[in-house]
1. What is the residue count in region 140-196 for residues that are under 18 Å from Val126 (Cβ atoms), of a type in the set (Gly, Ala, Ser) and surrounded by fewer than 21 Cβ atoms within 10 Å (Cβ to Cβ)?
2. Is it true that some residue in region 326-341 is surrounded by fewer than 23 Cβ atoms within 10 Å (Cβ to Cβ), within 16 Å of the ligand (Cβ to nearest atom) and in a helix (DSSP H, G or I)?
3. For Leu205, indicate whether it is within 16 Å of the ligand (Cβ to nearest atom) and farther than 27 Å from Phe328 by Cβ.
4. Filter region 290-308 for residues that are more than 23 Å from Thr48 (Cα to Cα), in contact (Cβ under 8 Å) with a residue 60 or more places away in the chain and either assigned to a loop (DSSP other than H, G, I, E, B) or in contact with a Pro (Cβ under 8 Å, 6 or more places away or on another chain) (or both) and give the result.
5. Looking for whichever is among the small types (Gly, Ala, Ser) and closer than 30 Å to Lys37 by Cβ here; the options are Ser123, Ser174, Ser154. Which one fits?
6. So for region 230-247 (the condition being touching a Ser or Thr at 6+ places or on another chain (Cβ under 8 Å), on the phi < 0 side of the Ramachandran plot and among the hydrophobic types (A, V, I, L, M, F, W, C)), does at least one residue qualify?
7. Which of the following residues is modelled with pLDDT of 95 or more and buried (at least 23 other Cβ atoms within 10 Å of the Cβ): Ala103, Ala135?
8. Looking only at residues that are within 12 Å of Lys187 (Cα to Cα) and in contact with a helix residue (DSSP H, G or I) (Cβ under 8 Å, 6 or more places away or on another chain) in region 117-144, which one is farthest from the ligand (Cβ to nearest atom)?
Amino acid sequence: MHVLLVVGTLAALVAAVPSKNPYASALAPPYLNLLAKAKGKLWFGTATDIPGVEQQDQEYMSILNDSKIFGQLTPANAMKFQFTEPEQNNFTYAGGQEVIDLAKQHGNRYVRCHNLVWVTEVSEWVLDRNWTAEALTEVMKNHIYNVVTHFGDSCYSWDVVNEALNDNGTWAPSVWFDTIGPEYFYKAYQFAEEAVKLTGKDIKLYYNDYNIEYPGPKATGVVGLVKELKRRKLKIDGVGLETHYEVGTAPSYEQQIEASKMYTALGVDIARTELDVRFTQLPYNSSGLALQAKEYYDAVKSCVDIRQCIGMTVWDFVDKYSWVPGTFPGKGGADIYGLGNSNYTRKPAYYAVGDALAGHPCSVCGHN
Ligand code: XIL
């Protein structure tokens with residue numbers, strides 16, 4: 001009777017006193033960034049589409065701003081061409097600065113700046129005109145010089161050219177390639193290097209792409225690009241492996257190690273820059289979640305096990321704001337948070353990442 005009374009009173013007390021942090025379970029250990037740093041990595045980070053509606057979402061912001069979980073931010077859109085130079089030679093830096101401010105104010109965190117030259121999210125004024133190669137090269141140079149010198153070493157690194165290749169390793173079409181030819185690629189790195197020199201700061205220059213996380217014609221193509229940059233004595237510090245996978249078809253750990261070594265053998269760093277693993281059919285079930293967890297585990301472990309893999313970044317952390325459903329209709333559930341009514345319950349994938357970072361066997365991968 002007494003025991004029951006005490007338990008009852010305690011329970012009433014616990015219920016009456018609001019817990020200090022309403023988001024405690026979304027912010028509890030394991031701490032992905034702390035674990036990554038303990039393994040010698042610079043960060044475990046996330047992309048974020050700020051400025052945006054996320055900023056009104058307190059739970060989103062409290063996770064984003066927790067430097068124990070995320071030690072690095074990538075603006076998912078704010079630094080892309082159409083947002084930084086919406087009209088010719090008229091630069092807008094406020095959106096990108098918001099991401100930098102969040103990174104700095106909450107634990108002086110790293111920012112990967114993304115990106116300078118890409119086929120997508122280019123301003124209309126670039127796409128609408130018939131440029132000569134010379135004139136478009138000047139546009140590219142002006143853009144790169146301005147943006148790189150403006151943000152300076154608030155950027156740990158820049159993705160200079162993004163997604164230059166087709167899956168078969170040939171050049172992908174874009175306004176840049178179609179107008180200037182392959183030289184656009186090397187010019188972009190030349191201009192970025194010149195701009196970095198103007199800052200006098202240490203800012204790394206990366207090439208970033210997807211479907212290059214496993215050996216194949218595209219990975220071989222990237223090796224060719226890096227070799228040619230090096231042959232021309234241009235600055236190339238790293239290759240970003242985007243790591244957008246689909247549940248059930250992600251490359252194996254061994255394949256990922258093999259591809260990673262193709263790049264590091266050239267003397268460059270690598271990073272996992274846009275990790276997510278989307279379901280091709282929804283809704284998912286618990287065995288799907290276990291398989292997804294295993295695919296996250298293998299991707300993260302293949303960075304942990306390669307010294308020159310400097311860090312891992314998820315392409316946003318909660319399904320609610322994932323880019324996947326907007327780009328791949330009918331697909332989704334790609335992120336490490338997203339279960340439950342709150343949307344912020346962690347998936348097995350979160351704990352799988354924690355296990356891989358800690359160097360433990362996967363505790364949530366089922367029989368996968
Ligand atoms: C995506 C953004 O997340 C979306 O919001 C946007 O609509 C399209 O671009 N590869 C990249 C990223 O390098 O820049 C892309 O980001 C996802 C694929």
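The values are calculated or read from the model by the stated rules, or taken from the named source; none is laboratory data. Computed from a prediction, not measured in an experiment: that's the story for all the values here. Positions of Cβ are generated from backbone atoms using ideal geometry, with glycine treated the same way; all protein chains shown enter the neighbour counts.
1. 3
2. Taking every residue of region 326-341 in turn, at least one turns out to be surrounded by fewer than 23 Cβ atoms within 10 Å (Cβ to Cβ), within 16 Å of the ligand (Cβ to nearest atom) and in a helix (DSSP H, G or I).
3. Taking the combined requirement at face value, the residue satisfies it.
4. Ala290, Arg307
5. Result of the check over Ser123, Ser174, Ser154: Ser154.
6. yes
7. Just one listed residue meets the conditions, Ala103.
8. Ala133
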